[in-house]
Amino acid sequence: MAGMTSDPLLELLSNYHPADSAERADLDRASALIRTVEDPWTQALSLHVTGSALVVHPPTKRVLLRWHARQQAWLQVGGHGDPGEIDPLAVALREAGEETGLPDLHPWPDSALVHLVVVPVAAKGDSGPHEHADLRFVLATSTPDDVRPEKPGAELRWLTVDDALALTSEDNLRETIRRVGVLLNR
């Protein structure tokens, strides 16, 4: 078993129930990674863990997507853990705060993992092609008008679930959005 840096991940994944065989395969790959390396967050690995979130405004049932220039796609917010970070929800919260400027983000409706997916990432610059074992959460805000992109070209859009499904080109994100849509319509 890997060192203590993996414990929050192992606990999270051991309590997660995949929705289908594809997600089961991704869960198995992520679990094997976490059990066999000391730091599954390190970007030096061809497969490493990332934490992301779909930000929602529950009263209006809208979701927030961000334009990611590298991937040329509308995606959720999130990314890599900083050195020493070991809690995927904390990574998702930090990354979402940085990328949206929203000061009041919090897990919604609870802190459960909503989706786990292994996604390919194309090579760019010194970074070769690799994969992210992306752990996805739902974060809510009560101040959607406070949203601010972290940099030029990182546009943010509040969308209905249907509009978000139509805007993104990523099937795995469509699945995340569908799951969040169910939560918003409870």
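Which FRET efficiency, nearest 0.05, do residue 19 and residue 71 yield, Cβ-Cβ r, R0 25 Å? List each step's numbers first, then the result.
Values: r = 24 Å, r/R0 = 0.95.
With R0 = 25 Å, the Cβ-Cβ based efficiency is 0.60.
Explain nothing, just compute: Karplus ³J(HN,Hα) = 6.51 cos²θ - 1.76 cosθ + 1.60, θ = phi - 60°, for every residue of segment 140-151 in order, whole Hz, x for Gly and Pro.
10, 10, 9, 10, x, 6, 7, 4, 9, x, 6, 7
So for the pair residue 146, residue 163, with labels modelled 7 Å out along Cα→Cβ, what separation do we get in nm?
2.2 nm
With both partners inside the chain, how many of the DSSP beta bridges are antiparallel, as a percent to the nearest 5? Please report the intermediate quantities before stating the final value.
Numbers: 24 of 34 bridges.
If we restrict to bridges inside the chain, about 70 percent are antiparallel.
Find the relative contact order for the chain and round it to a whole percent, using C-alpha pairs within less than 8 Å whose residues are 6+ positions apart.
Numbers: 354 pairs, mean separation 47.2, N = 186.
That works out to 25 percent.
Would you calculate, for the chain, the mean residue ellipticity at 222 nm contributed by helices, counting each DSSP H stretch of 4 or more residues as -39,500 (n - 2.57) and dividing by all residues, to the nearest 500?
Values: 5 runs with 58 residues, N = 186.
That comes out to -9500 deg cm²/dmol.
If you roll a 1.4 Å probe over the chain with all protein chains in place, what percent of the accessible area is carbon or sulfur?
Numbers: 4710 of 9000 Å².
With neighbouring chains kept in place, the figure for the chain is 52 percent.
Per residue, how much accessible area does the chain have with a 1.4 Å probe, in Å²?
On the way: 9000 Å² over 186 residues.
Using a 1.4 Å probe on heavy atoms only, each residue of the chain averages 48 Å².
Which whole-Hz ³J(HN,Hα) couplings does segment 53-66 yield from phi under the Karplus relation 6.51 cos²θ - 1.76 cosθ + 1.60, θ = phi - 60°, glycine and proline marked x?
8, 9, 8, 10, 10, x, x, 9, 6, 9, 10, 10, 10, 10
According to the square roots a ≥ b ≥ c of the eigenvalues of the Cα gyration tensor, what is the shape class of segment 76-143, taking rounded for a/c under 1.5, prolate for a/b larger than b/c otherwise, and oblate for the remainder?
Numbers: a/c = 2.09, a/b = 1.69, b/c = 1.24.
Note, shape of segment 76-143 comes out prolate.
The values are calculated or read from the model by the stated rules, or taken from the named source; none is laboratory data. Nothing here was measured: the structure is a model prediction, and the numbers come from that model. Backbone-built Cβ (ideal geometry, glycine too); neighbour counts: all protein chains shown. What goes into the accessible areas is simple: the full protein's heavy atoms, side chains included, and nothing from ligands, DNA or RNA. Shrake-Rupley method; radii C 1.70, N 1.55, O 1.52, S 1.80 Å.
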